[in-house]
Amino acid sequence: MNARALPAPYVARAGLRRSAITILAVAGLLVLAPAGWASPTVSFNITGTAGTNGWFRSNVTIHWTVTEIEKVTSSSGCELGQLVTTEGQTSHKCTVEFVGGSSQATATPKIDKTAPAVAGATPTRAPDSNGWYNRPVGVAFTGSDGVSGIASCATPTYGSADGALVSVAGTCTDMAGNTSAPVGFALNYDATPPSVAAAADRPPDGNGWYRKPLIVSFSGADATSGVEACTQPTRYAGPDMATVGIAGTCRDRAGNTAAANLTANYDSTAPKLAGVGIKLAERNARLSWKKPSDTVLVRIDRTPGINGRKKTRVYKGTGESFVDRTVRKGVRYRYELTATDAAGNLAGTAVTTDATPTLYAPAAGAVVRKPPTLRWESFKGARFYNVQLYRNGVKVLSVWPTKPRLHLPKTWRYRGKKQRLTPGSYRWFVWPALGTRAQPRYGRPLVSSSFVMKGGP
């Protein structure tokens, strides 16, 4: 086959050596070309606003590049600065023909100029109470995109200001990097506990203390979701205690709970005096008692009172004894003792002296060396008295004086026997008589007494 050499000028532009030969097919003929002869090639680059994942977010321009363009005999689809405005992925081909063959390249730009739309939002968990959230909650947004598709949507967490129908904003982003406008999702949020108050049904009974059961009520206030419920009124009836706490709670509709505590001093037990006793001596009465540790005051009222009064308060203090030096023999006295604690609880008891007149001379147990005069308090209404004297347990005298006194003689006769006031122990008794000597009516015996006789008459 005969080979036809390429024109000298073309070979020169190609920079080929004449000694190298390439065989080309031209119009069915075999043509010899110098060695190193290069075929035209096609390439491109795309310009526009780049997005993500190989997508553009604007119109793009395809720039075609053809090498060895002087060898190109024809082309198609290779216009300069090819503008593409269609969204989605499209295919664009550039083909060049040259002697002996063709070259081509295909550009497939992906365009998404449209932002996605937020389709909806869903909280990541159910409300805490009554449609309200009381702690931070996430909201998951969903979206739609008709071109590149959704890449992601926001899942913001709300945990800030309380409020009804507070807005949580979220967006979605498509595969091209376009982001939607924020869209709000409304929810009810209340993370603040209610305020709670505790109140007693009445003031303290005395000195800041309650002596009887009290009822404490609880109330609340909540500015956002509102109060749903509070502890029912609580009755306190003991035990006795200083600064006892009575607690209750309130809950708002969001499920937040807060507590309140009423501090009260409670004492319902009266301070009861123990060991109350009274001893009578010459013209005085000595009272004594034991008081509980919580006693703050003891009062003693005497009946009859002083200077003809019906009743007189003869003692007020914190001690455990009292001596009344205003008593009179032959009068029965009633002493009312009242103990009070800090809460105002009162406990009382009473003691009464014996109204029987006392035998006062000689003093009980006295030692005498000469015949004594026996003396006693007069008994109201007595016409005379019966006095009996015993020596060493044997009765030696029984007489009936009309006055509340009797002087013992040195000697006397009793039951036909002569008696003498000899040394020894003597005890004497006095009975008041209310009738006549012929028909006496004796009362209870007066208090007995004793003396000791030493020496002799």
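The values are calculated or read from the model by the stated rules, or taken from the named source; none is laboratory data. Quick caveat: nothing in here was measured; it's all calculated off a predicted structure. Reconstructed Cβ throughout: ideal geometry from the backbone, glycine too, with neighbour counts over all protein chains shown.
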Looking at segment 121-137 only, could you name the residues that are without any contact (Cβ under 8 Å) to a residue 60 or more places away in the chain and at negative phi?
THR122, THR124, ARG125, ALA126, ARG135, PRO136, VAL137
Test set (1) within 30 Å of GLN419 (Cβ to Cβ); (2) among the hydroxyl-bearing types (Ser, Thr, Tyr); (3) touching a Gly at 6+ places or on another chain (Cβ under 6 Å) - TYR385 fails condition number:
(3)
Report whether or not VAL327 is surrounded by 14 or more Cβ atoms within 10 Å (Cβ to Cβ) and either in a loop (DSSP other than H, G, I, E, B) or assigned by TED's automatic domain parsing to the domain that holds ARG444 (or both).
yes
Give segment 78-119 a look and list any residue that's without any contact (Cβ under 8 Å) to a residue 60 or more places away in the chain and either of a type in the set (S, T, N, Q) or farther than 21 Å from THR65 by Cα (or both), or say none.
GLN82, THR85, THR86, GLY88, GLN89, THR90, SER91, THR95, SER102, THR106, THR108, ALA119
So, restricting to strands (runs of 3 or more DSSP E) that lie completely within segment 167-207, which ones have at least 1 residues that are over 22 Å from the mean Cα position of the chain (by Cα)?
172-174, 183-189
Looking only at residues that are charged (D, E, K, R), closer than 20 Å to VAL452 by Cα and in a strand (DSSP E or B) in segment 363-417, which one is nearest to the chain's Cα centre (by Cα)?
ARG375
Based on this model, can you work out whether VAL166 counts as in contact with a Phe, Trp or Tyr (Cβ under 6 Å, 6 or more places away or on another chain) and over 30 Å from PHE56 (Cα atoms)?
yes
Within segment 367-423, restricting to residues that are of a type in the set (A, V, I, L, M) and more than 25 Å from ALA281 (Cα to Cα), the one that is surrounded by the most Cβ atoms within 10 Å (Cβ to Cβ) is LEU421
Do we find a residue being modelled with pLDDT of 90 or more and within 30 Å of THR231 (Cβ to Cβ) anywhere in segment 297-313?
no
For segment 153-172, what are the residues that are free of Cβ contacts under 8 Å to residues at least 60 places away in the same chain and in contact with an Asp or Glu (Cβ under 9 Å, 6 or more places away or on another chain)?
CYS172
From (1) in a loop (DSSP other than H, G, I, E, B); (2) over 30 Å from ALA115 (Cβ atoms), pick out the condition that doesn't hold for ALA161.
(2)
Is it fair to say ALA285 is assigned to a loop (DSSP other than H, G, I, E, B) and either among the aliphatic types (A, V, I, L, M) or out of contact with any helix residue (DSSP H, G or I) (no Cβ under 7 Å at 6 or more places or on another chain) (or both)?
no
When residues of segment 54-76 are filtered for being in contact (Cβ under 8 Å) with a residue 24 or more places away in the chain and either loosely packed, with under 14 Cβ neighbours inside 10 Å or not aliphatic (A, V, I, L, M) (or both), how many remain?
13
With LYS290, LYS279 as the choices, which residue is at pLDDT 95 or above, exposed (fewer than 15 other Cβ atoms within 10 Å of the Cβ) and charged (D, E, K, R)?
LYS290
